[in-house]
Ligand SMILES: [Zn+2]
């Protein structure tokens with residue numbers, strides 16, 4: 001008897017594919033895109049995670065790493081949309097706010113350098129602004 005094609009469903013999500021899938025997720029590829037790249041169903045990894053605790057843990061770690069990897073660090077979006085408070089994101093958000101059209105042309109009234117602000121100087125400064 002000659003060996004024909006294997007019977008049953010081929011194992012499309014073997015260990016090699018699992019590693020590739022998790023590596024894609026960890027670098028920020030979205031779940032559906034990673035599944036499409038490997039030619040597997042989007043549900044396959046979730047189903048495997050349901051019956052394999054070790055894979056479920058690796059999947060959770062890869063997803064978390066992917067979330068972190070997707071944050072566009074050094075942009076105001078990283079700060080505003082992803083609530084990242086790293087230095088580059090914070091700096092970008094401050095810069096973005098100070099360049100906002102709302103602030104363009106606004107008169108900034110600085111306190112006199114020689115005086116420490118007191119209740120009176122604050123009042124005078126506010127009165128000066130009108
Ligand atoms: Zn950041």
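Nothing in this text is a laboratory measurement; each read-out follows from the coordinates by a stated rule. Quantities reported herein were computed from a predicted structural model and do not represent experimental measurements. Cβ coordinates were reconstructed from backbone atoms using ideal geometry, including for glycine residues, and neighbour counts include every protein chain displayed.
The three principal axes of the Cα atoms in segment 15-98 give end-to-end lengths of 50, 23, 17 Å, sorted in falling order. Stretching residue 53 away from residue 96 to a fully extended chain increases their span by 11.1 nm, per 0.36 nm per residue minus the current alpha-carbon distance. Tell me, what is the FRET efficiency for residue 42 and residue 65 to the nearest 0.05, using R0 = 25 angstrom and their Cβ-Cβ distance as r? My answer for the efficiency is 0.85.
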